[in-house]
Every structure is written in C-alpha cells, then in structure tokens.
Amino acid sequence: MSYVWIAFGAVVGASVHYFLSRYIGKAHASTFPYGTLLINISGSFLLGFFLVLTTERVLVDPRWRWLIAIGFCGSYTTFSSYAFETFALFEQGQWVLVAWNVIASNLLCLASVLAGAALARWL
C-alpha cells in the first residue's frame with residue numbers, strides 16, 4: 001500500500017513542479033534557472049519542516065511520510081534539473097552564473113532545511 005501513497009504524492013509534486021517552473025519561467029525570462037532554484041529551496045524548507053514536525057512534535061501515521069516526504073518532495077524537487085541547467089550554463093561559458101547556481105542552490109537549500117526544522121521545533 002505504501003506505493004499508492006508515494007505515487008499519489010509524486011503525481012501532485014510533479015504537477016506543482018511543472019506549474020511553478022513554467023510560471024516562474026514566464027515571469028522571469030532569464031538565462032538563470034530561477035524556477036529550479038526556487039522549487040528546490042521551497043521543497044527543502046518543506047521537507048525540513050515536515051520531517052522535524054512529524055518526528056519531534058506530532059505523531060502521524062507513516063503514510064503521511066510516504067505521501068509528503070518521499071512522494072511529493074521527491075518529485076517536486078529536482079537535483080537532476082539543477083545539475084543539467086548548471087551543465088548548460090557551463091557549456092555556454094557563463095561562469096558567473098555557474099558559480100552562482102552552485103553556491104545559491106547548495107547554501108539556500110541547506111538554509112531552507114534548517115529554517116523548516118527550526119520552525120517545526122518552534123511550533
């Protein structure tokens with residue numbers, strides 16, 4: 001039964017990812033992959049918040065972890081998109097954007113997990 005919960009979360013996560021990346025891409029026409037960065041930051045925040053909340057504050061049915069942490073966050077965030085977009089910037093010789101994407105993605109996503117965890121512990 002875990003596969004059903006994971007699959008449902010994945011369908012929703014992938015759909016939200018697609019919608020947001022298209023929306024952000026239209027709103028901010030740029031060479032820099034702002035959509036992927038914002039999706040990974042928000043997904044990192046959500047994962048940190050959810051896992052700490054459901055581990056330390058609230059006891060929930062394991063199906064919620066399957067649905068949110070594995071299904072939704074697993075398909076919503078995208079390391080492969082981040083890696084490919086960074087590679088594409090590298091291929092185009094856009095060294096500053098390569099550096100910015102690597103630094104921003106890693107630092108901001110880690111900071112987002114920490115912020116989500118801190119918020120869950122504060123509640």
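What is the helix-to-structure angle for 95-122, meaning the angle in degrees between its Cα long axis and the longest Cα principal axis of the chain, kept from 0 to 90 and rounded to the nearest 10?
Between helix and principal axis, roughly 20 degrees.
Calculate how steeply helix 79-91 sits against the longest principal axis of the alpha-carbon atoms of the chain, using the helix alpha-carbon long axis, and give the answer as 0 to 90 degrees to the nearest 10.
Result, in degrees: 10.
Over the chain, with every protein chain in place, what whole percent of the accessible area is carbon and sulfur at 1.4 Å, could you tell me?
Values: 5550 of 7630 Å².
Ligands and nucleic acids excluded, carbon and sulfur reach 73 percent.
Just one of (1) 14, 38, 32, 13, 3; (2) 14, 48, 32, 7, 0; (3) 10, 28, 32, 19, 8, 3, 0 is P(r) over Cα pairs in 10 Å bins from 0, in percent calculated from these coordinates, so which is it?
(1)
Per-residue counts of other Cβ atoms within 10 Å, averaged by peptide: what ranking do you get for 93-105, 68-80, 3-15, highest first?
Highest-to-lowest ranking by the protection proxy: 68-80, 3-15, 93-105.
ARG65: accessible area at probe 1.4 Å, nearest 10 Å²?
80
Keeping every protein chain present and rolling a 1.4 Å probe, give me the accessible area per residue for the chain in Å².
Result: 62 Å² per residue.
The values are calculated or read from the model by the stated rules, or taken from the named source; none is laboratory data. Nothing here was measured: the structure is a model prediction, and the numbers come from that model. Note that each Cβ is placed from the backbone with ideal geometry, even for glycine, and that neighbours are counted across all protein chains shown. Just the protein is used for accessible areas: all its heavy atoms, side chains included, with ligands, DNA and RNA removed. Shrake-Rupley method; radii C 1.70, N 1.55, O 1.52, S 1.80 Å.
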